[in-house]
Ligand SMILES: Cc1cc2nc3c(=O)[nH]c(=O)nc-3n(C[C@H](O)[C@H](O)[C@H](O)COP(=O)(O)O)c2cc1C
Ligand code: SF4
Ligand code: FES
């Protein structure tokens, strides 16, 4: 069966699925969720039901459900629309998931910048509470304060505990030791907001939608150089080309497609000849990239890939939490090298050094942020290496000021909020 | 060990069987294999996996290097370190390259140079050259974060050991990391100093030269120094320490982890107060009083003759005030001379420890593992026995209940800590405590009492004393001792500093410090520990001239601590040998006691609106601290401790200026609200409490 | 309600009062306009933490101001999607309109202008946040009216 909109569709009867879920035992509900094989929409794509089954429900401690609404991945803006337009769909999903893991406390961690969305969500929570649907469950909306790393699940937990949001070593994993060291389920907004649909259709039917390895729909945030950027909810498996050209209207101003970063700025980019790939976890993995946050950044031929790499790396340097060595030191070193290349002061050996520094960060940092800084840059060097080399030979940027990212000022270039020692790279 | 409690894994092909639940770093060590670490330090709590120095290849597990420090040894695990895994070698080399990217090359002028883990690990696992050619991160350096500690942010590798100590061990929350990412740095609040009793431990924890001791700065190179193992003599805990000496001078005090006593932590008094050894008013020769407030030196020959004359003249009519700062051997030698030689049995002793407590003897580390800890102390634990405070905090972090009153219900395994000997003994029995610790006032009071009674039998004679002997500055500072001395015709002092004895003694013999003598002390657990002569003092060891004098009275006292110890041990310590107490002394077995105990008076609570005043002796006070300028900032500065409820009831907030009144006298102090202080009680340092009565009014 | 009581009220929502650190810091910032040393002391006293701890937390997050800022905060996203869609031209427009560089505050102390990382509006570039309220699809020509509006506010 084909599934059209689920997350962005107009709401039916609110909280209809909660009663259905509460009529089931937690075990039965978890079995249902596992059967649905809903894969996490936050990035890792880990099956939501399996995660629930890992919760240490035998523990004497309370169980917690935490919704990851930190959405800070450059290119991602889907959670925001779901919360702004259908907050009750998210809350309904929360109540169902909480029943599965026997949690009485639900926390929704929303990034601090989403002020308007927070107000909508908080109002919705209050309305829902007023209807009595919560029962003995409590929902608390917690505002972040501006730190991309707090989207990483364990950093999020530390932030929610009132600390510096730095990732924790795993193991122990949150289902065993999460918030306040108690068993904790963490899911992305879209993951949880999809849960009611699973109960509505039944796991069996739901599992038939999308593609076998990734059922259901996803909201794809598409931005950058397309005619109609925005969110499009499509079944998983939809070809990327269809999204870019049919839904988002293709590349504007008669420019040509140069690169697509398919999962938010943290994943390897694809070249124009790769965009027939179906948009699902496994197909993208086969191309050596990731589904990530289902957020496509489309880049046309006006963009200098060195500048793209530099701007991207400045972001990850700025957002590195500073806890682990490779990410903290490596991202800054990468920025220094990229600036040297962009300035035309580099040798070919500097490009090799950049690649090597990347390799030395990859897989060695405490959380994936280190990898996120490297994946895209490594892919730019791989596919557009000649453009990097041109900077060396040409003694400067071959675009000579015409690149779409020319002169872009990143926060790390001009800074006031960390007066103590913002380190210019 | 039964198979159930062990796991078997292989590290670099070596199969090891280790206790279940231990970390990979320890497991590898048992196989004789090093997994290099920076941030990993089990004493600081759960691993953080920050520095990435310990990356190894681990199966089962994801196909990338794993932070070994965060993993627990499991059956069938296959661990490969840099020795046998290219992946691990590459990862560790990468970590070091990244650490060095912003680490300055000032090793030649760095105090850590030569004893620096970063140097050592770079030598073993690091890159031979640098590929970094950009400007390194620069900071203003070094900045003093307190009079005792300097911080060099450029050298900092952000292992977060210091901040974890501050947050999770000392729990003072004063040393933190600020900012994010590459801008992260270690800091205190604004430009306030790191003012806390255990701050010095961060210097020892720092794996690089980022946190250094201002006292030790540029004082020595590692190859010029000796480390002499000994025991701190400044409080009854008796932390195990090493004295770093160079050219016969103590340059630094380091911890020497005794897992049962101190777990490798020291208070800042024990760590930094050593400079009092070289104070200007240190007594180096015997002194004779020439006028009310002046002494003149005299030769040892003359001094001993005068002492002999005074002793013969006074005969049995001598009162000896012992301070509890002597070694067992010094006290024993003196006691033997006076009691056996002159029948002078009268003595003022440090407070006695009821034998009944020996039935509740346990290592201090038992506090950490207790389900509940009852702290029956008027005086703050940290001021009397600092490291005990850390054990109590560790217990709380382990989930123990920490109570400041006698619990209604019975709690199995409860441990008791008290600063009142009789209450301690009584309630230890009453609660059926698993362990009980009395916190005495003096470092070796217990050993001194043992030694005195072991020396001989005999009752004091009645009547006013003709001669009084005041042993050590601690006793000379005691008002009751001074009062007694008033009544004696003559007074002989034995001490380190002139000021202590001015207007008190007619004759003063120089005393050694705990770092300058050989002998033993008994700590608050009842553990005999050996102090070593780490440097030669400006004067002979007391035991040497005590032996000479004793000879003149036909009493045999050996000038050697070892010989004297064996004599004492034979009489009261079951004949254990000097060797047994030398390196890491073990705790004597428990001794049951049938002694009848009298129920102690119930705690006095102030009647009326007033608060019960407890005047305490601050940790950072006394002769040694007064002679250590770097510690001046830690001395109490007119603070009064209030329980949260009492403060709220009076509308007093932390740091408010308050007036303390008790009939007639009033004093202006600053309020400090402390969490574990029983309501109705308030604490003021003894000096500030001068003239105040038991019950005080506190108002804004 | 005084600050301390307000903070303790917030703390009640959480199993551990420490969780109230972020909300308490936000509240303190609303009162002071930024986070001066005293703000950290207030938060610390209210929650039984230390000022050092509170500053450690605040300095980790971009939305807390450790030094004075203007009456109003104007932030332009210059992350990839906005940048690809001309965010820098919007930045330039603000700089010339306000007469300050990104990261600076106007002399009259009215407006602090800065660039920020992705605001989560990538599909509607360029995103500009005025006192945390988003304006989307902002073009350089819209800047004068935005500034006028802010100054008017
Ligand atoms: C640096 C970093 C940033 C992340 N940011 C987010 C985010 O903003 N939102 C999100 O849902 N997941 C984010 N994740 C993924 C989370 O760690 C976690 O996998 C996810 O929230 C789990 O939810 P899901 O299983 O429903 O996808 C991030 C991960 C990393 C390493
Ligand atoms: S100062 Fe030393 S102990 Fe503290 S983080 Fe830096 S390197 Fe680690
Ligand atoms: S890149 Fe501008 S909002 Fe995301």
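Read-outs: derived from the displayed coordinates by stated rules, not from any lab. None of these values were measured; they are calculated from a predicted model. Note: ideal-geometry Cβ built from the backbone for every residue, glycine included; neighbour counts use all protein chains shown.
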Seminar exercise, completed: Taking every alpha carbon pair in the stretch A:180-265 and sorting the distances into 10 angstrom bins from 0 up to the bin holding the longest one, the percent per bin comes out as 15, 38, 27, 15, 5, 0
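Based on the Kirkwood radius over alpha-carbon pairs, what is the Stokes-Einstein translational diffusion coefficient of chain A at 37 °C with 0.692 mPa s viscosity, in µm²/s?
So the translational diffusion coefficient is about 148 µm²/s.
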Seminar exercise, completed: Under the 7 Å Cα-to-Cβ spin-label approximation, residue B:410 and residue A:102 lie apart by a distance in nanometres of 3.3
Problem set entry | Ratio of Rg to Rh over the protein assembly as shown (Cα coordinates, Kirkwood Rh, two decimals) | 1.03
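Please give the length that would be gained between residue A:23 and residue A:246 if that part of the chain were fully extended, namely 0.36 nm times their separation in residues minus their C-alpha to C-alpha distance (nm, one decimal).
Additional length available on full extension: 76.0 nm.
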Problem set entry | Label-zone membership for the stretch B:548-581, site residue B:288, 7 angstrom Cα→C-beta point, backbone N under 19 Å | B:549
Exercise. So what is the orientation-averaged projected area of the stretch B:470-574, using the convex hull of its C-alpha atoms, in nm²?
Worked result: 8.1
For this session: Grab the beta carbon distance between residue B:249 and residue B:686, set R0 = 51 Å, and tell me the FRET efficiency rounded to 0.05.
Result: 0.95
Seminar exercise, completed: Taking only the alpha carbons of the stretch A:1-130, the radius of gyration and the largest Cα-Cα distance, Dmax, both in angstrom, are 15.0, 43
For this session: Taking all pairs of distinct Cα atoms, average 1/r, flip it, and tell me the Kirkwood hydrodynamic radius of the stretch A:44-86 in Å to one decimal place.
Result: 13.1
Exercise. In nm, to one decimal, how far is the residue B:106 label point from the residue B:562 one, both placed 7 Å along Cα→Cβ?
Worked result: 4.6
Exercise. How much length is gained on full extension from residue B:591 to residue B:278, taking 0.36 nm per residue of separation minus their Cα-Cα distance?
Worked result: 108.5 nm
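Sort largest first and round to whole Å: the equivalent ellipsoid semi-axes of the stretch B:544-700, each the square root of five times a Cα gyration tensor eigenvalue.
46, 22, 17
What Kirkwood hydrodynamic radius do you get for the stretch A:335-393 when you take the inverse of the mean 1/r over all pairs of distinct Cα atoms, in Å?
11.7
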Exercise. Based only on Cα atoms, what Rg/Rh ratio does the stretch A:68-212 have, Rh being taken as Kirkwood's radius?
Worked result: 0.96
Exercise. Within the P(r) computed for the stretch C:68-111, what percentage of the Cα pairs occupies the region above 13 Å?
Worked result: 54
Problem set entry | Square roots of 5 times each gyration tensor eigenvalue, C-alpha, chain B, largest first, Å | 46, 30, 28
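From the C-alpha coordinates alone, can you work out the Kirkwood hydrodynamic radius of the stretch B:133-227, in Å?
Hydrodynamic radius (Kirkwood, Cα only) of the stretch B:133-227 equals 14.0 Å.
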Problem set entry | Ellipsoid equivalent to the stretch B:188-307 - semi-axes via the Cα gyration tensor, in Å | 35, 18, 16
Seminar exercise, completed: Working note, the stretch B:1-75: Cα radius of gyration (Å, one decimal) and Dmax (Å, whole number) are 12.0, 36
For this session: On a C-alpha basis, how far is the centre of the stretch C:33-90 from the centre of the stretch A:181-224 in Å? Whole number, if you could?
Result: 34
Exercise. Restricting attention to the alpha-carbon atoms of the stretch B:404-534, what are Rg (one decimal) and Dmax (integer), both in Å?
Worked result: 19.1, 57
Exercise. Spin-label point model (7 Å from Cα, Cβ direction): what's the residue B:34 to residue B:59 distance in nm?
Worked result: 2.7
For this session: May I ask you to derive the relative contact order of the stretch B:1-132, considering only C-alpha pairs under 8 Å and at least 6 residues apart, and to give it as an integer percent?
Result: 23
Exercise. Using the scaling law 2.2 N^0.38 Å as the reference, what is the normalised Cα Rg of the stretch B:516-629?
Worked result: 1.56
For this session: Evaluate peptide A:356-362: per residue, the Cβ atoms of other protein chains within 10 Å of its Cβ; return the mean as an integer.
Result: 3
For this session: Starting from 0 in steps of 10 Å, tell me what percent of the Cα-Cα pairs of the stretch C:69-153 lands in each bin.
Result: 21, 58, 20, 1
Exercise. Where does the stretch B:262-399 land on Rg/Rh, using Cα atoms and the Kirkwood Rh?
Worked result: 1.10
Exercise. How high is the FRET efficiency between residue B:579 and residue B:536 when r is their beta carbon distance and R₀ equals 25 Å, given to the nearest 0.05?
Worked result: 0.60
Problem set entry | Label zone at residue B:351, where the point sits 7 Å out along the Cα-to-Cβ direction: the stretch B:302-331 residues whose backbone N lies under 20 Å | B:321-326
Exercise. Quick one: length gained pulling residue B:633 to residue B:86 fully straight, 0.36 nm per residue minus the C-alpha distance?
Worked result: 191.7 nm
Seminar exercise, completed: The value for the stretch C:1-80 (convex hull of the alpha-carbon atoms, volume per residue, Å³) is 111
For this session: Quick one: compute the contact order of chain B, relative version, from alpha carbon pairs under 8 angstrom and 6+ residues apart, as a percent.
Result: 11
For this session: Evaluate the relative contact order of chain A (contact order divided by residue number), counting alpha-carbon pairs under 8 angstrom at least 6 apart; express in whole percent.
Result: 16
Exercise. If you bin the C-alpha pair distances of the stretch B:1-147 every 10 Å from 0, what whole percents do you get?
Worked result: 11, 35, 31, 15, 7, 1
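Over its Cα atoms, what ratio of radius of gyration to 2.2 N^0.38 Å does chain C give?
1.18
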